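The values are calculated or read from the model by the stated rules, or taken from the named source; none is laboratory data. Predicted, not measured: the structure shown is a model, and the values here were computed from it. Note that we place each Cβ from the backbone using ideal geometry, even for glycine, and neighbour counts take in every protein chain shown. All accessible areas refer to the heavy atoms of the entire protein, side chains included, with ligands and DNA or RNA removed. Shrake-Rupley method; radii C 1.70, N 1.55, O 1.52, S 1.80 Å.
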There are 2 protein chains.
Amino acid sequence: MILYGYALSSASYRVRIALALKGLPVTSVPLDLRAGEQKLERFLQINSQGLVPAMALDDGTVLTQSVAIIEYLDEINPDPPLLPRAPSQRARVRALAQAIICDVHPLNNLRVLQYLEKDLRQDKAARDAWYAHWVQLGFEALERRLVGDSATGRYCHGDAPTVADVCLVPQVFNARRFAVDLQAYPRIVGIDAACRELPEFQGAAPDRQV
Amino acid sequence: MILYGYALSSASYRVRIALALKGLPVTSVPLDLRAGEQKLERFLQINSQGLVPAMALDDGTVLTQSVAIIEYLDEINPDPPLLPRAPSQRARVRALAQAIICDVHPLNNLRVLQYLEKDLRQDKAARDAWYAHWVQLGFEALERRLVGDSATGRYCHGDAPTVADVCLVPQVFNARRFAVDLQAYPRIVGIDAACRELPEFQGAAPDRQV
């Protein structure tokens with residue numbers, strides 16, 4: 001399998017963690033998003049959306065969208081599971097993941113920050129405020145949900161990492177990179193720390209990519 | 001089951017379609033998002049994220065996030081399936097859905113448009129341009145992918161509706177509401193029309209909600 005990604009891309013980071021938790025080997029092909037490499041025709045032929053991550057299977061099939069890729073990995077290689085067994089618990093974990101991948105991350109993507117800067121002529125302070133606003137709104141709700149539910153354990157769901165943790169850790173990393181104050185979210189911070197004790201999360205971190 | 005939703009919310013619309021395709025009865029509780037009803041304490045106790053949709057099961061469990069709810073419905077009630085069987089095809093359908101629910105819809109939500117207006121003081125023209133920009137970027141890529149792949153059929157994947165169609169139709173509805181020109185996306189427009197020939201999609205439409 002070939003993973004087209006970018007060290008600092010949250011979505012690529014998620015897939016790297018999932019691959020490591022599954023113990024699956026992959027060939028990494030890094031793209032330089034800041035230089036716009038993902039918009040070059042040779043990559044658009046791999047992923048017409050011009051986004052990373054994209055994963056090419058050995059038969060040439062190309063999968064896109066981080067969580068679709070992660071659920072695929074979980075289906076072809078169920079051990080260790082990244083989703084619980086019971087449908088309502090699976091729904092809980094997927095909802096925690098979607099609260100990050102739909103409600104926080106899309107608003108703080110590089111392409112969105114670039115639109116704010118170039119098209120809407122927003123200065124750095126306004127862009128930082130925008131970034132912090134969506135993280136805080138999302139994390140407030142997530143913290144409330146994690147604290148208020150006995151299904152939360154050492155990780156987002158019980159005592160083994162799930163797709164929710166796989167999405168949480170890159171978002172926390174990103175929030176720190178933008179200097180968002182995380183003091184109000186002790187449970188999120190604690191789960192992030194617990195995850196990062198695991199070698200699979202450590203090896204997937206942006207600063208560990210070459 | 002009780003579905004907390006809002007007629008014009010794309011995410012609620014998705015769940016309504018899925019419930020109809022599954023033939024599952026539900027009690028609808030509409031919230032007035034423009035009046036901020038989703039931020040009232042009595043709703044926050046149901047969904048701490050203060051977002052619709054939320055679905056209360058008969059045992060009191062509350063599920064959130066539209067696609068997590070839809071995958072739950074598909075797991076407890078597998079017929080008709082909203083995902084294909086083979087893992088790589090499931091990944092394709094989930095990726096098409098995520099290209100909408102992660103890359104288009106979150107940027108054009110009511111709360112984002114309100115932030116542009118109130119916090120960034122962007123006028124209607126700038127907000128409309130923002131809205132159209134993300135729809136066009138997302139639809140361009142989606143169109144390219146649908147056209148270029150023989151797995152596309154009458155619907156996004158083959159000849160039965162899947163979760164990808166369930167996400168596509170509300171997004172097309174929304175794009176039309178904001179007068180985005182869809183001429184460049186004939187395959188998307190065709191799939192949307194095919195879906196809306198089905199009574200399940202018709203009954204879930206915003207103008208059919210009371």
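The dipole here belongs to the stretch A:87-204: it is taken about the Cα centre, uses +1 on the Cβ of Lys and Arg and -1 on the Cβ of Asp and Glu, and is about 200 debye.
Residue ranking by accessible heavy-atom surface, 1.4 Å probe, largest first, among B:Asp59, B:Asp192 comes out as B:Asp59, B:Asp192. Counting Cβ atoms of other protein chains within 10 Å of each Cβ in B:92-104 and taking the mean gives 6.
Of all aspartates and glutamates in the structure, those lying under 20 Å Cα to Cα from A:Lys118, and not within fewer than 8 positions of it along the same chain, are A:Asp32, A:Glu37, A:Asp128, B:Asp103, B:Glu117, B:Asp119, B:Asp123, B:Asp128.
Each peptide in B:5-12, B:163-170 was scored by the mean count of other Cβ atoms within 10 Å over its residues; highest first, the order is B:163-170, B:5-12. Considering every alpha-carbon pair of the stretch A:1-83, the percent of pairs per 10 Å bin, from zero through the bin containing the longest distance, is 19, 54, 23, 4. Proximity of backbone amide H atoms, modeled 1.01 Å from N, is registered between B:Gly5 and B:Val29, B:Leu31 at under 5 Å, excluding neighbours fewer than 5 places apart on the same chain. Packing here is the average count of other Cβ atoms within 10 Å per residue, and on that basis the peptides A:172-179, A:47-54, highest first, run A:47-54, A:172-179.
Sorting A:147-160, A:23-36, B:99-112 by average packing, meaning the other beta carbons within 10 Å per residue, from highest down gives B:99-112, A:147-160, A:23-36.
Counting only other chains, and only Cβ atoms inside 10 Å, what mean value do you get across the residues of A:139-148?
Working: counts 0, 3, 7, 2, 1, 5, 4, 1, 1, 2.
Mean shielding count: 3.
Cross-link check: pairs A:Lys124/B:Lys124; A:Lys39/A:Lys124; A:Lys124/B:Lys39; B:Lys39/B:Lys124 evaluated at a Cα-Cα cut-off of 27 Å; pairs beyond the cut-off: A:Lys124/B:Lys39. Taking Lys and Arg as +1 and Asp and Glu as -1, the other residues whose beta-carbon sits under 14 Å from that of B:Val180 total -2.
Think of each Lys and Arg Cβ as +1 and each Asp and Glu Cβ as -1; about the Cα centre, that makes the dipole of the stretch B:2-80 roughly 340 debye.
Projecting the alpha carbon convex hull of chain B along each direction and taking the average yields 11.8 nm².
Averaging 1/r over each pair of different alpha-carbon atoms in the protein assembly as shown and inverting the result gives 21.5 Å, the Kirkwood hydrodynamic radius. Once backbone amide H atoms are built at 1.01 Å from N, A:Tyr155 has A:Ala160 as its partners under 5 Å, excluding neighbours fewer than 5 places away on the same chain.
Among the protein heavy atoms, those of B:Lys118 account for about 130 Å² of accessible surface (1.4 Å probe, every chain in place). In this structure, the amide hydrogen of A:Leu63, modeled 1.01 Å from its nitrogen in the peptide plane, lies closer than 5 angstrom to those of A:Met55, A:Ala56, A:Leu57, counting only residues at least 5 positions away or on a different chain.
To the nearest 20 Debye, how big is the dipole of the protein assembly as shown about its Cα centre, given +1 on the beta carbon of each Lys and Arg and -1 on that of each Asp and Glu? Display every interim value, and only then the final one.
Details: 46 positive and 48 negative charges, 114 e Å.
About 540 debye.
What separates the Cα centres of the stretch B:121-158 and the stretch B:1-57 is a distance of 25 Å. Label-point spacing for B:Thr27 across the identical copies (point 7 Å from Cα in the Cβ direction), in nm and ascending order: 5.8. Per-residue mean of foreign Cβ neighbours for B:124-133 is 1 (Cβ atoms of other chains, 10 Å radius). Comparing A:Val135, A:Gly148, A:Met55 along the charge dipole axis of chain A, the residue lying farthest to the positive side is A:Val135, per the Cβ-charge model.
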